[in-house]
Amino acid sequence: MVDVVLARKYRPRRFDDMVGQEHVVRALSNALSSGRLHHAYLFTGTRGIGKTTVSRILAKSLNCIGPDGSGGVTATPCGQCQACVEIDADRFIDYIELDAASNRGIDEARDLIERAAYKPSVGRYKVFMIDEAHQLTKDAFSALLKTLEEPPEYLKFVLATTDPEKMLPTVLSRCLQFNLRPMAPETVQAHLARVLAAEQVAHDGAALRLLARAARGSMRDALSLTDQAIAYGGGRLDEAGVRAMLGSVDGRHVAGLVRALAARDGAAVLSIVDVLRGHGLSAAGTLESMAVLLQRMAVLQVVPGTLDGDDPDSPELQSLAHALPADETQLLYSIVLHGRAELALMSDEYGALAMVLLRLLAFPPAGGPPPQRLEPTQARTAGVLAAPVASARPLSRSVPSEIVSPPPAESAPPWVDAVPHELLDVDARAPAAPARPQGTTEFQPHAWGERWAAQVAELTQQGGIAALVRELAMQAECLGRVELDGRVQWRLRVERESLRASPLRDKLQAALAAISGVQVELLLEPGTALDSPALRDAAARAQALQRAEQTIQTDPVVRDLMTQFKTARIVPGSIKPVSRNPTP
């Protein structure tokens, strides 16, 4: 006996077998029972929800003659007569299916028109079913219009499409349209349970919930995934196997992220993201699972008591709904929903995932206290960081509030009292980045930046660095320098992740060690640089340009020309500073 895949084996044969499309079934059944038949039907909806299945059942209803051969048009085809059996087997001569995705031209349309001229060979009605009808060319549609509008009495048209917006209005106006809806996960899950019970396949509810959600409203996809899961699990379905097959993120990770964000624990968020990275779990799948969880939380917050008591996730969901305020639930839902589009913009999808999730922490609770001062990053040993971290800025959900500036440079950070003064390299520190308009970088020079710029200039002059290694050095902001156990440790802030790559860091360490004669270690951290050699060069160029423009605008000859010629003007951007020491 040949095994048949579940999607074909459990394909509905009658309207009563249809799941989740009661509105379509009711309308067609009433029309068939009353004899009020239309000449053209249009079924729309996403893939795998029953458009072709409804078309076949409709064709059986129109051509069924009953077990004894005396039946007529009916809403309940017998499934035993020649017409019903042959339509189910896809060999009924008067039921023609055309796939417009591969047969979309005017020649195919003319062939249909020619076949429409002949009466049914064995059936009561000839039924033409055109799948993915929106892919027919404009000429093909034009050729079909007359026949579609006034077909012979023995001919019925059935069009199916996943994209009705691409259908010509003249075609839509000639069809009776039914929109098949994506099925709710609960409907899909219940049907899968019935199918697996009939197949005598062991399963658990959690596995079916995963399959139902992964199907995205398509029963055909749900049955196909179930077939795949049965093969993957060796004849049984359990949550762990289905989750592994789908690559789904464990619900515990998603719930942990929501709890960490509710507690405003950024370290816990990053820790869970690292776990996801370690297990190779999808960042996009994580955000999708979070969106589903947050949607259920939001419903529970607005309408308490909507939980299914049989759902094992109910206690966790109830707890999470109380942990996160309703407004923050809505905000986080919006963040994760739109954040999926941002994942592809970074080469490191997990880094992008962390940025999407941490976005919520930039918005403190309305009316709540501003975030606390961040603690300094601790060195690996007894070393000291000579640069404090700036105070975080408070934000509201609508308009950013006043920016909290870093303490003045001459004041010592609060932890310096506990540091042996002999470990401090210089009496200077690098302020962390204050808030600034998005897309701009404000140059804020400090002593560490000056020292690092001098170090980079020495490296460049000696030819010790080039290409991307030089770019790393030029784009980095120095936050501190420590001498420990015969080695020098530089702490640098570098915005571009590609420049923080280990090979570039190692080459820069080697170049610094070569000119200093001691072992060098670079600690690279992400963030926008406010004082880097590149910013210093840009600032110097800007000052030189400003001086050049001022020189030209105040030059007596230029002013005299402007007076003599009223239409004369200085073309913006045409002034360029000239180096006092041009290279030969």
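Scanning the stretch 214-232 for residues that are at negative phi, among the small types (G, A, S) and touching a residue at least 12 places away in the same chain (Cβ under 8 Å) yields A214, A215, S218, A222, S224, A229.
Scanning the stretch 470-506 for residues that are over 22 Å from M346 (Cβ atoms) and of a type in the set (V, I, T) gives V482, V488. Among the residues of the stretch 146-162, write down those that are in contact with a helix residue (DSSP H, G or I) (Cβ under 6 Å, 6 or more places away or on another chain) and without any contact (Cβ under 8 Å) to a residue 40 or more places away in the chain. The one that is in contact with a helix residue (DSSP H, G or I) (Cβ under 6 Å, 6 or more places away or on another chain) and without any contact (Cβ under 8 Å) to a residue 40 or more places away in the chain: T147.
Among the conditions (1) under 20 Å from R181 (Cα atoms); (2) over 38 Å from the mean Cα position of the chain (by Cα), the only one that H38 does not satisfy is (1).
Scanning the stretch 181-190 for residues that are assigned to a helix (DSSP H, G or I) and surrounded by fewer than 19 Cβ atoms within 10 Å (Cβ to Cβ) yields E186, T187, A190.
Residue by residue through the stretch 168-180, note down the ones that are surrounded by fewer than 18 Cβ atoms within 10 Å (Cβ to Cβ) and either among the charged types (D, E, K, R) or modelled with pLDDT under 90 (or both).
Within the stretch 168-180, the subset surrounded by fewer than 18 Cβ atoms within 10 Å (Cβ to Cβ) is 168-170, 172-173, 176-177, 179.
Scanning the stretch 168-180 gives L168, P169, T170, L172, S173.
Of the numbered criteria (1) modelled with pLDDT of 90 or more; (2) assigned to a helix (DSSP H, G or I), the one Q80 fails is (2). In the condition set (1) in a strand (DSSP E or B); (2) loosely packed, with under 14 Cβ neighbours inside 10 Å, E165 is compliant with all but (1).
Name the single residue, out of those in the stretch 202-224 being of a type in the set (K, R) and under 22 Å from the mean Cα position of the chain (by Cα), that is surrounded by the fewest Cβ atoms within 10 Å (Cβ to Cβ).
Here is the first cut: in the stretch 202-224, the residues of a type in the set (K, R) are 209, 213, 216, 220.
From what is left, the residues that are under 22 Å from the mean Cα position of the chain (by Cα) are 209, 213, 216.
Details: R209: 21, R213: 18, R216: 15.
Applying the filter and picking the extreme gives R216.
Taken over the stretch 259-293, the residue count meeting the criterion of being in a loop (DSSP other than H, G, I, E, B) and among the basic types (K, R) is 1.
Being more than 19 Å from E97 (Cβ to Cβ), at pLDDT 90 or above and not charged (D, E, K, R) holds for only one residue in A59, A27, and it is A27. One residue is enough: does the stretch 540-550 have a residue meeting the conditions at pLDDT 85 or above, under 19 Å from R451 (Cβ atoms) and surrounded by 13 or more Cβ atoms within 10 Å (Cβ to Cβ)? No, the stretch 540-550 has no match at all. The set of residues from the stretch 103-128 being farther than 22 Å from S142 by Cβ, surrounded by fewer than 15 Cβ atoms within 10 Å (Cβ to Cβ) and among the hydrophobic types (A, V, I, L, M, F, W, C) comprises just one member, V122.
The values are calculated or read from the model by the stated rules, or taken from the named source; none is laboratory data. Quantities reported herein were computed from a predicted structural model and do not represent experimental measurements. Note: ideal-geometry Cβ built from the backbone for every residue, glycine included; neighbour counts use all protein chains shown.
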